[in-house]
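Here is the structure we will look at.
Every number here is computed from the coordinates shown, using simple stated rules; none is lab data. All values reported here derive from a predicted model rather than from experimental measurement. Counting neighbours? That spans all protein chains shown, and the Cβs are built from the backbone with ideal geometry, glycine included.
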């Protein structure tokens, strides 16, 4: 009788162990699923790009066969008073946002009757109240190469050319600053102000 009793206990013990193993697997699977969902959510949040306040933009085109490229930060008006307040009159301005606005001429050109060699230059603007604005082309345009940032480090001795343009003002508001390379030169527009200057091949 004792032998028969032990024989009956063995299958019951095996069934009991098997049931516990199955329950453990289900628990581990549920835990893994929860962790996977958490990781996926975190990754999605990290990959969501943040909007830029003054995105870097480029304008490119040809004038009389000369390639012209303009690289600039494009700020927005955001209901602010631009001329005379955000951008003071009578002071040199980076003509955009953040790093200096850079203009590149693929070949030698003529601007306002003066020769400008091929190359890249910082483009600055001196806005004036009720008067023509002054455009400045300067040799130092790069933070990495020249150590300049915007117009804060502007060195007048490095100016290549200064010339005046006549801005016009309209009732229409252009929210983001924009440069355009046209068939005859370059056009600037922001808020209600716009101006252009001609570029010709040398």
Sort the following peptides by mean Cβ neighbour count (other Cβ atoms within 10 Å, averaged over residues), highest first: 79-85, 53-59, 131-137. 131-137, 53-59, 79-85
If packing is taken as the average count of other Cβ atoms within 10 Å, what order do 118-125, 146-153 fall into, highest mean first? 118-125, 146-153
Distance in nm between pseudo-label sites at residue 183 and residue 170 (7 Å out along the Cβ direction from Cα): 1.8 nm
Three semi-axes of the equivalent ellipsoid, region 56-201, Cα gyration tensor, whole Å, largest first: 22, 18, 15
Return the FRET efficiency for the residue pair residue 192, residue 118: r is the Cβ-Cβ distance, R0 is 41 Å, and the value is rounded to the nearest 0.05. 0.75
Enumerate the residues in region 117-136 having an amide nitrogen under 17 Å from the point lying 7 Å beyond the Cα of residue 143 toward its Cβ. 122-123
Rough spin-label spacing in nm, given labels placed 7 Å along Cα→Cβ, for residue 160 and residue 57: 2.4 nm
Inter-label distance, nm, simple model (7 Å from Cα along the C-beta direction), residue 89/residue 201: 4.2 nm
